[in-house]
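Working notes for the structure below.
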Amino acid sequence: MSAARGCFLPFGSSGCSDGGRKSAVFSSEEVERFSWVRRSTVQDAACLTFVRGTDLELIGRRFGAIPEHGRTLDFDEYCEEAFAHQEHYPVIGLRAVGEWTLVAEDCGVQGTRPEVLRRVSAGGEVVSACWDSEGLQRFTRAAGGAVRTSFEPLVPGFRSGTDPDGLEQL
């Protein structure tokens, strides 16, 4: 994919429209909060990127989107729009969630591209989780304009980035 330019589609928002390993135990309530993924069209292939900050227009531009083409849609409408245009250009959906912005890509890969992650994380922090229909998965954390940690969840011991073990302390 060359210079990524795409549609900027904020969904469900009113803004910007026109050594030792630690193990985590998640409660069923925590897991259930994300069950919407299994019930949506992004269950087979998607990239969900969380960006610290809520300036939707700036984040969209850093992803390569054109905010002037943006519209406000609900998540299902966004997925339909993304599917309809996937062969022509990438489409992203954005939504402020507390102090973070969720950037959703149905079958997209922008949240895995180092050049995008460097731009989006400049002066801040980004985490992305991406998967495709072939079973490939990627988790990445970028901060301060650099990819700090990146790995495939099925083989988390093989990490790359400027601080591959940086998540160990969390």
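Quick notes on this one:
- Count of residues meeting criterion [of a type in the set (A, V, I, L, M, F, W, C), farther than 21 Å from Arg118 by Cβ and open to solvent by less than 70 Å² (accessible area, probe 1.4 Å)] in segment 41-95: 9
- Hey, Val127 under 16 Å from Thr54 (Cα atoms), assigned to a strand (DSSP E or B) and open to solvent by less than 10 Å² (accessible area, probe 1.4 Å) or not: no
- Qualifying residue in segment 111-123 (condition: β-branched (Val, Ile, Thr) and surrounded by fewer than 20 Cβ atoms within 10 Å (Cβ to Cβ)): no
- Segment 81-106, residues that are part of a helix (DSSP H, G or I) and touching a Ser or Thr at 6+ places or on another chain (Cβ under 9 Å): Ala82, Phe83
- Scanning segment 147-160 for residues that are open to solvent by 60 Å² or more (accessible area, probe 1.4 Å) and within 19 Å of Glu115 (Cβ to Cβ) yields a total of 1.
- Residue within segment 109-123 that is in contact with a helix residue (DSSP H, G or I) (Cβ under 6 Å, 6 or more places away or on another chain) and polar (S, T, N, Q) present: yes
- Selection status of Glu168, in contact with a Pro (Cβ under 7 Å, 6 or more places away or on another chain) and acidic (Asp, Glu): no
- Answer from Phe158, Phe139 - the residue that is closer than 19 Å to Ala46 by Cα, modelled with pLDDT under 95 and out of contact with any helix residue (DSSP H, G or I) (no Cβ under 6 Å at 6 or more places or on another chain): Phe139
- Residues in segment 161-169 include none that are assigned to a strand (DSSP E or B) and either surrounded by fewer than 18 Cβ atoms within 10 Å (Cβ to Cβ) or touching a Lys or Arg at 6+ places or on another chain (Cβ under 9 Å) (or both).
The values are calculated or read from the model by the stated rules, or taken from the named source; none is laboratory data. These numbers come from a predicted model, not from an experiment. FYI the Cβ positions are ideal-geometry reconstructions off the backbone, even for glycines, and counts take in every protein chain you see. Please note that ligands, DNA and RNA were not included when accessible areas were found on the heavy atoms of the full protein model with its side chains. Shrake-Rupley method; radii C 1.70, N 1.55, O 1.52, S 1.80 Å.
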